[in-house]
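Below: the structure, in structure tokens.
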Amino acid sequence: MGDVIQMAIKRYVISAVEPGMKLARPIFRDNGQVILYDGTVLTNFHIEKLRYFDVSYIDIIEHPDEYHPAQDVSAPPSDLSTIQGFQTLYDSTVNTLNQAFNSIRFLQEIPLAELRSMVGQAIMPMIDAVGVISHLQNVQHQDEYTFHHSLDVAVISGVLARWMGYTGQELEEIILSGLLHDVGKARIPLAILNKPEKLTTEEMDIMKLHTSKGYQMLNETKTLSPAVLCGVLQHHEKLDGSGYPLGVNEEKIHPYAKIIAVADIYCAMTSDRVYHKRRTPFKVVEHISQEMFNKLDPAVCTAFMNNVKDYFLGSVVKLSDGREAEVVYLGIYSSSRPVVRTKEGEFIDLERNKKIVIEG
């Protein structure tokens, strides 16, 4: 078996690549966006895409049926640039987070030391991983939504904070606050938290208590900074005062909470829930742009949209007419209507062609 592993991967110049070959390692753009994931069985469309991005060579699995990435010392699972490596760390972190939330719900204990350690040892490496935004869109979610959502918000909050220039202790605090933003849900009845359809008005009022309950629980530990506590308490506040639990306006909302608010919306809307299907990142970014100024902080939204759109360029999407296409142009701000190129080579400006939309 060892000889097979040593001979499993071979480098090919792009002109020698043929349909049916299996990609051994992911291909990235300079900005970290994933062009193609490892394990992709190449088609003519994929090969054209690689040429479009001026990829000179790629690594191919020579014996796909006998190749096992976990056994290849040149591509270990801990390599977070691969979807397998990212998924391994992600799953391990979700499992730890699950145990932590169970301690809070059933043992009335908040394992803050363990959660702080999680920020430095697991979440920070995810934030630094090449292709992190693409990875989060492709990881498999197999456990309860709450734990995945808390981790996703922590990661996106950290990425967004870094785009805005936060470093050091402030960056770590924003990540921790994002990780803890829904901790108050441990005090919400499971019948409401896990209800498989939309909540009633009364149930929603109870659910909204998670922000103040989380703040109270964490404040009792006497170990967290006021900034972290404010991020947890205020992440559902809106600039116009229409949010909760306090209904405060822009000046009284902490900067951490403004960052977590955008991350929370993006992660919630791009995830599957029992009562709604995930929306495309294009739709979510358009929603965020519509809530700038009146509900969400414009500086945070601008930083998010100006950076996240780079991950969308080159992505393959499904159109409402059933065809697949590649995103080839985005305007100043990412929207749900970019210019795309179909497999047949047709360019479609979705801003002009209103009959077609991106569905997946």
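Only residues that are open to solvent by 60 Å² or more (accessible area, probe 1.4 Å) and part of a helix (DSSP H, G or I) were counted in region 19-58, giving 4. The set of residues in region 189-203 being at pLDDT below 90 and open to solvent by 70 Å² or more (accessible area, probe 1.4 Å) consists of L190, N194, P196, E197, K198.
Okay, residues lined up against (1) open to solvent by 10 Å² or more (accessible area, probe 1.4 Å); (2) on the phi > 0 side of the Ramachandran plot; (3) without any contact (Cβ under 8 Å) to a residue 24 or more places away in the chain; (4) in contact with a Phe, Trp or Tyr (Cβ under 8 Å, 6 or more places away or on another chain):
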{"site": "S92", "(1), (2), (3), (4)": "yes, no, no, no"}
{"site": "A100", "(1), (2), (3), (4)": "no, no, yes, no"}
{"site": "I104", "(1), (2), (3), (4)": "no, no, no, no"}
{"site": "V130", "(1), (2), (3), (4)": "yes, no, no, yes"}
{"site": "T146", "(1), (2), (3), (4)": "yes, no, no, yes"}
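Of the set (1) closer than 20 Å to L151 by Cα; (2) open to solvent by 20 Å² or more (accessible area, probe 1.4 Å); (3) in contact with a Pro (Cβ under 8 Å, 6 or more places away or on another chain), all apply to L209 but (1).
Pairs linking a residue in region 218-240 that is under 9 Å from S177 (Cβ atoms) and modelled with pLDDT of 95 or more to a residue that is open to solvent by less than 40 Å² (accessible area, probe 1.4 Å) and charged (D, E, K, R), with Cβ atoms under 6 Å and 6 or more positions apart or on different chains, are A227/E173; V228/E173; H235/D264. The helices (runs of 4 or more DSSP H) located wholly in region 135-208 that include 2 or more residues which are within 23 Å of G243 (Cα to Cα) and β-branched (V, I, T) occupy 145-163, 168-180, 201-207.
Go through the residues of region 333-356 one by one and say whether even a single one is open to solvent by 40 Å² or more (accessible area, probe 1.4 Å) and closer than 30 Å to K252 by Cα. The answer is yes; a qualifying residue exists.
I'd like to know if region 223-236 contains one or more residues that are farther than 28 Å from A299 by Cα and not hydrophobic (A, V, I, L, M, F, W, C). Checking region 223-236: at least one residue is farther than 28 Å from A299 by Cα and not hydrophobic (A, V, I, L, M, F, W, C). Pairing residues of region 109-120 that are farther than 16 Å from N219 by Cα with residues that are modelled with pLDDT under 90 and open to solvent by 20 Å² or more (accessible area, probe 1.4 Å), at Cβ distances under 9 Å and at least 6 apart in sequence or on separate chains, gives E114/T96; E114/Q99; E114/S103; M118/T96. Yes or no: I265 part of a helix (DSSP H, G or I), within 29 Å of S117 (Cβ to Cβ), touching a Ser or Thr at 6+ places or on another chain (Cβ under 8 Å) and open to solvent by less than 70 Å² (accessible area, probe 1.4 Å)? Considered against the rule, which asks whether it is part of a helix (DSSP H, G or I), within 29 Å of S117 (Cβ to Cβ), touching a Ser or Thr at 6+ places or on another chain (Cβ under 8 Å) and open to solvent by less than 70 Å² (accessible area, probe 1.4 Å), I265 comes out as no.
For region 215-230, the criterion of being touching a Cys at 6+ places or on another chain (Cβ under 6 Å) and either open to solvent by 30 Å² or more (accessible area, probe 1.4 Å) or not small (G, A, S) (or both) is met by none of the residues.
Checking the structure you have, find out if any residue of region 307-322 is basic (K, R), touching a Leu at 6+ places or on another chain (Cβ under 8 Å), free of Cβ contacts under 8 Å to residues at least 60 places away in the same chain and more than 25 Å from E173 (Cβ to Cβ). Please lay out each step first, then the result.
Just the residues of region 307-322 that are basic (K, R), to begin with: 309, 318.
When the remaining residues are screened for being touching a Leu at 6+ places or on another chain (Cβ under 8 Å), the result is 309.
If we keep only those that are free of Cβ contacts under 8 Å to residues at least 60 places away in the same chain as well, we get 309.
Keeping just the survivors that are more than 25 Å from E173 (Cβ to Cβ) gives 309.
Yes - at least one qualifying residue is present in region 307-322.
Of the residues that make up region 280-292, is at least one open to solvent by less than 30 Å² (accessible area, probe 1.4 Å), free of Cβ contacts under 8 Å to residues at least 24 places away in the same chain and in contact with a Ser or Thr (Cβ under 7 Å, 6 or more places away or on another chain)? Give the derivation first.
Residues of region 280-292 that are open to solvent by less than 30 Å² (accessible area, probe 1.4 Å), as a first pass: 280-282, 284-285, 288, 292.
Checking which are free of Cβ contacts under 8 Å to residues at least 24 places away in the same chain leaves us with 284, 292.
Filter once more, keeping what is in contact with a Ser or Thr (Cβ under 7 Å, 6 or more places away or on another chain): 284.
Yes - at least one qualifying residue is present in region 280-292.
The values are calculated or read from the model by the stated rules, or taken from the named source; none is laboratory data. Computed from a predicted structure; not experimentally measured. Here Cβ is always computed from backbone atoms with ideal geometry, including for glycine, and neighbour counts include all displayed protein chains. SASA here: full protein model, heavy atoms, side chains in, ligands and nucleic acids out. Shrake-Rupley method; radii C 1.70, N 1.55, O 1.52, S 1.80 Å.
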